[in-house]
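A.B. asks: First, the structure itself, so that you have it in front of you.
The values are calculated or read from the model by the stated rules, or taken from the named source; none is laboratory data. From a predicted model like this one, the values you see are computed outputs, not experimental measurements. Because the Cβ atoms are built from the backbone with ideal geometry, glycine has one as well, and the counts that use them run over all protein chains shown. We work out accessible area using only protein heavy atoms, side chains counted, and drop any ligands, DNA or RNA first. Shrake-Rupley method; radii C 1.70, N 1.55, O 1.52, S 1.80 Å.
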Amino acid sequence: MSEVAGNLFIVIGLAFDLFGCLGLIRLPDVYNRLQATTKCVTLGTCSILFGALVVKGLSGTGIKAFLCILFLLLTSPVAAHALSRGAHKSGVKLWDKSVCDQYAEDEAGKK
Amino acid sequence: MKSKLILFVIGFIVWMLLGWPIDAQHAIVGIFAAGLAAFLTGDLFTRRPHHFGHISRYLWFCYYVPLFLWECLKANIDVAARVLNPRLPINPGIVKVMTSLRSDTALTFLANSITLTPGTLCVDISPEEGILYIHWIDVKSQDTQEAAQRIVKTFEGVLKRIFE
């Protein structure tokens, strides 16, 4: 039973990872791509790890998978934040059809 | 000192989980490893250790976890729908929102939660004024107040009760 449930979680996780990668290809600029990859790849990978936890139960492997979920949830948004901030600071432009950029306006106002 | 003690306990728990199943050999090495980490970096861990004693904060945290997971799942379905749609319905931009949270931990958790919830990504924080710059994949409002209402409100109240 737990085997089936765990495999289901792994399949769902793989599907979300795939959508994240599709987003990486289809979306137009760095910031939009980061959005897709951060969200989908975080939850997708967490789901795969959770599937491993369900299949293996509370053994050494399962507990390590659980710890990986916690650290992934804490660190991957920080990495996305650092990448997007770095991109903006080094002058990567938003997509042409973007609506507004209040960050650039405020940065210009400070100088 | 209290901060070091808390870090020691957390470090030791993580160590034991990594070395599961529990045995005495692991536990003895773990005491030394966690003790060394706590001794060297313990003062940086938290500035207000008395917060760890409040039961209500843990209860609010238990409420925050399912709320966060639900928003995270919605975000994934949202991204999947946008990416699979042949017309690629996006309308991106960076907006500015205000928050009343001030402590480092609360702001970090708020930014992380925003990044993993539907359509938003935190680009920069200005902690003194409580300003967040957020990349929004589908800008519905450029007004600071209204954007804050839509983006920040879900988590602000809960995080205030947990971390401030």
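A.B. asks: Counting only residues that are at pLDDT below 85 and more than 8 Å from every other protein chain (Cβ to nearest Cβ), which one in the range B:87-97 is farthest from A:Asp96 (Cα to Cα)?
C.D. replies: My answer is B:Arg87.
A.B. asks: So, in the range A:70-111, of the ones that are at the interface with chain B (Cβ under 9 Å from one of its Cβ atoms) and part of a loop (DSSP other than H, G, I, E, B), which residue ends up surrounded by the most Cβ atoms within 10 Å (Cβ to Cβ)?
C.D. replies: If we take residues in the range A:70-111 being at the interface with chain B (Cβ under 9 Å from one of its Cβ atoms) and part of a loop (DSSP other than H, G, I, E, B), then A:Leu94 is surrounded by the most Cβ atoms within 10 Å (Cβ to Cβ).
A.B. asks: Listed residues B:Arg150, B:Arg87; which is surrounded by fewer than 15 Cβ atoms within 10 Å (Cβ to Cβ), assigned by TED's automatic domain parsing to the domain that holds B:Tyr58 and not aliphatic (A, V, I, L, M)?
C.D. replies: B:Arg87
A.B. asks: Just a yes or no: is a residue in the range B:154-164 of a type outside the set (S, T, N, Q), without any contact (Cβ under 8 Å) to a residue 60 or more places away in the chain, over 22 Å from A:Thr42 (Cβ atoms) and assigned by TED's automatic domain parsing to the domain that holds B:Asp78?
C.D. replies: Yes, the range B:154-164 contains a residue that is of a type outside the set (S, T, N, Q), without any contact (Cβ under 8 Å) to a residue 60 or more places away in the chain, over 22 Å from A:Thr42 (Cβ atoms) and assigned by TED's automatic domain parsing to the domain that holds B:Asp78.
A.B. asks: Picking from B:Thr105, B:Thr115, B:Thr154, which residue would you name as being within 15 Å of the chain's Cα centre (by Cα), closer than 19 Å to A:Ser84 by Cβ and of a type in the set (S, T, N, Q)?
C.D. replies: The conditions single out B:Thr115.
A.B. asks: Residue by residue through the range A:52-69, note down the ones that are more than 9 Å from chain B (Cβ to nearest Cβ) and either under 16 Å from B:Val14 (Cβ atoms) or hydrophobic (A, V, I, L, M, F, W, C) (or both).
C.D. replies: A:Ala52, A:Leu53, A:Val54, A:Val55, A:Ala65, A:Cys68, A:Ile69
A.B. asks: Considering A:Leu67, A:Leu22, A:Leu53, A:Leu18, which residue is of a type outside the set (Val, Ile, Thr), within 16 Å of B:Leu84 (Cα to Cα), part of a helix (DSSP H, G or I) and modelled with pLDDT of 90 or more?
C.D. replies: Result of the check over A:Leu67, A:Leu22, A:Leu53, A:Leu18: A:Leu18.
A.B. asks: Could you please find all residues in the range B:21-58 being within 26 Å of A:Gly62 (Cβ to Cβ) and open to solvent by 90 Å² or more (accessible area, probe 1.4 Å)?
C.D. replies: First, the residues of the range B:21-58 that are within 26 Å of A:Gly62 (Cβ to Cβ): B:21-31, B:33-34, B:37, B:58.
Selection gives B:Ile22, B:Gln25, B:Ile28, B:Tyr58.
A.B. asks: If you check B:Leu73, B:Leu67, B:Leu84, which single one turns out to be among the aliphatic types (A, V, I, L, M), within 14 Å of the chain's Cα centre (by Cα) and farther than 27 Å from A:Asp101 by Cβ?
C.D. replies: Of the residues listed, the single one that is among the aliphatic types (A, V, I, L, M), within 14 Å of the chain's Cα centre (by Cα) and farther than 27 Å from A:Asp101 by Cβ is B:Leu67.
A.B. asks: I want to confirm something. Restricting to the range B:118-132 and keeping residues that are open to solvent by less than 10 Å² (accessible area, probe 1.4 Å) and either facing another protein chain (nearest Cβ under 10 Å) or among the hydrophobic types (A, V, I, L, M, F, W, C) (or both), which single residue is farthest from B:Ile77 (Cα to Cα)?
C.D. replies: B:Leu132
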